[in-house]
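Report on one structure; see the data block that follows.
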Amino acid sequence: MNGITIMLISLAVLFLAYVLYGRWIAKKWGIDPSRKTPAYEQRDGVDYEPAPRSVVFGHQFASIAGAGPINGPIQAAIFGWVPVLLWVLIGGVFFGAVQDFVSMYASVRNKGRSIGYIIEKYIGKTGKKMFLLFVWLFCILVVAAFADIVAGTFMGYTVTDGVKSANIVANGAVATTSIMFIVFAVLLGLLLRYTKLPTIVNTVIAIALLVLAIVIGLQFPVFLPLNAWHGFVFVYIFIASVVPVWLLLQPRDYLNSYLLVAMIVAAVVGVFVANPQINLPAFTSFNVDGNYLFPILFVTIACGAVSGFHSLVSSGTASKQIKNEKDMLPVSFGSMLLESMLAVVALIAVASFATGEASAQGLETPAQIFAGAVAGFLTKMGLPNDVVFTLITLSISAFALTSLDSVARVGRLSFQELFLDDSISDENMGVVRKVLTNKYFATVITLALSFGLTLVGYKNIWALFGASNQLLSVFAFLACAVFLKRKKKVRWFLYVPMGVMMAVTFTALSMTIISKAKALFTGASADIFGDVLQLTFATLIIILGVCVVIDGIKKLTSKVEEVDETEELTEKVNS
């Protein structure tokens, strides 16, 4: 088997999935281009702000991708390339793309509200509170893990026996470029906000700023220690989660989308030019060093197949920026399929190395393996290996940093929603409730806990993050299935993904609880603080998960379909 064959099969599957399956779902759900979206109805200039399809697509894709579609397939390659490819394609089309689309559709049809609101409206207030608490805990895990990953890609030098040694030029260049991205994003945001330039002019300006940031980064790398970058990342996250989306979130995602799509195109072109041979076995074993194919494969490959975090982006931020309902299919369904394509490239990248070859080249982390493989592909076109390696590393860092933008905002919104009550007006809120629902306080408390976990290191919480992430997809499928039932829309194709992910996540979380409890009680734990933390989070998360699932299934299987006549009349009038 070779890289081109795998690439052609994947491209055909994903293209047909969009044209046939995606459009069929959109038709069945009655996507209406003439319907006014929440971006206009609820417009506040902070979270609700209509944006062009290309901008929202850039935000959605950059936010959902993160480092997941690269890390997951490379780590899961221990089982062989066939199981990874099958899960990426089947999961991406029938699980992930459907979840992202239905989450955005349900949100847009509910005033741009989050999955938490949909759970409250269609399942119950208790379910919503438990879900919001779950989401907040999950966002803390995501911020902690991704902040540590990003800071690691910025760390400017190696440390040997506690002493600074060689500078890492690629990391220093990535750090400088990322800083320039932030500065240029604000400038672009102001330009897009206060000028009425044609789209083509804005595109040219965005690409020019992107190139300029890269040039500055390559010429003036910054070399700082890991702790300094931890501080920088958290200051940035705080600012990004409270300022209006048009000032930083939208333009930064707009800039990043060009870089990220360019990276994927370059990687695909590199595969066709190099046509690497697949040196990875097709299948290894159902049990590799104590890691079982089920559920480890399905938890490890989240982004690229199905990821519950996507539902938070689709319903938490992107849905508030959709200008036209017809944009939902390309923004949600399309972004997920593009992410699956990236996961396929990551699989080809790791599979192109012979056993031990990546380590021999000093490529240890999934990001380094991916960047090293793609750089090797593109050098066959005469491109300099060092420059390409730096640019690919930059793109991966941009993925992760952009995910942080979104997840910090989602975490902040979830914490605020925990203490909001529609029956109490802003004027009648008590002092405590006003503090708890204040966006600055909510952001600080979320990031403070995340910072504490970051110091533990992302590797210690990655397994728990994966299982929690997939459990979110169960909640999304369940809440949206109840919503579609209420609206009398076709929904049968949500049931299989929901059932499979329920089995995967509860099994994985149970395994985590058992292993951590055993390590602690037998005295075999090498990191007591980290294991206690994981055991506590896993126990709390599985309890919350079981409660939400039970409430949701009761609503989904009830014989009497609850129909709000006023709501249905409004639906018909708007349509």
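A few remarks follow.
- Within the stretch 208-237, tally of residues that are farther than 20 Å from residue 146 by Cβ, in a helix (DSSP H, G or I) and either touching a residue at least 24 places away in the same chain (Cβ under 8 Å) or touching an Asp or Glu at 6+ places or on another chain (Cβ under 9 Å) (or both): 8
- Residues being more than 20 Å from residue 307 (Cβ to Cβ), among the charged types (D, E, K, R) and in a helix (DSSP H, G or I) - total across the stretch 328-367: 1
- All helices (runs of 4 or more DSSP H) inside the stretch 435-522 with 2 or more residues being crowded, with 21+ Cβ neighbours inside 10 Å and more than 22 Å from the chain's Cα centre (by Cα): 462-486, 495-521
- Residue check, residue 140 under 30 Å from residue 175 (Cα atoms), buried (at least 24 other Cβ atoms within 10 Å of the Cβ) and modelled with pLDDT of 85 or more: yes
- Residue 240 being assigned to a helix (DSSP H, G or I), more than 18 Å from residue 316 (Cα to Cα) and among the small types (Gly, Ala, Ser): no
- A residue that is surrounded by fewer than 17 Cβ atoms within 10 Å (Cβ to Cβ) and touching a residue at least 40 places away in the same chain (Cβ under 8 Å) cannot be found anywhere in the stretch 309-322.
- Residue match in the stretch 143-158 (condition: under 25 Å from residue 502 (Cβ atoms), surrounded by 21 or more Cβ atoms within 10 Å (Cβ to Cβ), touching a helix residue (DSSP H, G or I) at 6+ places or on another chain (Cβ under 8 Å) and not charged (D, E, K, R)): yes
- Of the residues screened, residue 537 is not one that is exposed (fewer than 13 other Cβ atoms within 10 Å of the Cβ) and not aliphatic (A, V, I, L, M).
- Look at (1) within 21 Å of residue 471 (Cβ to Cβ); (2) modelled with pLDDT under 90; (3) not small (Gly, Ala, Ser) and you find that residue 546 fails only one, number (2).
- Test for residue 365: is it of a type in the set (Val, Ile, Thr), modelled with pLDDT under 90 and out of contact with any helix residue (DSSP H, G or I) (no Cβ under 9 Å at 6 or more places or on another chain): no
- Residue in the stretch 234-254 that is within 23 Å of residue 191 (Cα to Cα) and of a type in the set (S, T, N, Q) present: yes
- Assessment of the stretch 161-168 against the conditions (touching a residue at least 24 places away in the same chain (Cβ under 8 Å) and either within 28 Å of residue 326 (Cα to Cα) or in contact with a helix residue (DSSP H, G or I) (Cβ under 8 Å, 6 or more places away or on another chain) (or both)) yields no matching residue.
- In a residue-by-residue description of the stretch 292-304, the property of being farther than 15 Å from residue 73 by Cβ and surrounded by fewer than 21 Cβ atoms within 10 Å (Cβ to Cβ) applies to at least one position.
- Answer residue from the stretch 442-452, given it is small (Gly, Ala, Ser) and at pLDDT 85 or above and is farthest from residue 133 (Cα to Cα) among those: 448
- Scope the stretch 194-208; condition under 29 Å from residue 413 (Cβ atoms) and at pLDDT 85 or above; matching residues: 194
- Taken across the stretch 331-338, residues that are under 26 Å from residue 154 (Cα atoms), surrounded by 20 or more Cβ atoms within 10 Å (Cβ to Cβ) and of a type in the set (Phe, Trp, Tyr) do not occur at all.
- None of 345, 407, 374, 431 is at negative phi and surrounded by fewer than 24 Cβ atoms within 10 Å (Cβ to Cβ) except 431.
- Beta carbons closer than 7 Å, at least 6 apart along the sequence or on distinct chains, pair a first residue in the stretch 453-470 that is at pLDDT 70 or above with a second that is outside any helix (DSSP H, G or I) for 453/461; 466/302; 469/302; 469/307; 470/302.
- Residues in the stretch 249-285 that are touching a Gly at 6+ places or on another chain (Cβ under 6 Å) and buried (at least 17 other Cβ atoms within 10 Å of the Cβ): 251, 253, 254, 257, 271, 276.
- Among the residues of the stretch 377-394, the ones that are of a type in the set (Asp, Glu) and either buried (at least 24 other Cβ atoms within 10 Å of the Cβ) or part of a loop (DSSP other than H, G, I, E, B) (or both) come to 0 in all.
- Going through (1) more than 30 Å from residue 435 (Cα to Cα); (2) small (Gly, Ala, Ser); (3) in a helix (DSSP H, G or I); (4) at pLDDT 80 or above one by one, residue 398 falls short only on (4).
The values are calculated or read from the model by the stated rules, or taken from the named source; none is laboratory data. Quick caveat: nothing in here was measured; it's all calculated off a predicted structure. Here Cβ is always computed from backbone atoms with ideal geometry, including for glycine, and neighbour counts include all displayed protein chains.
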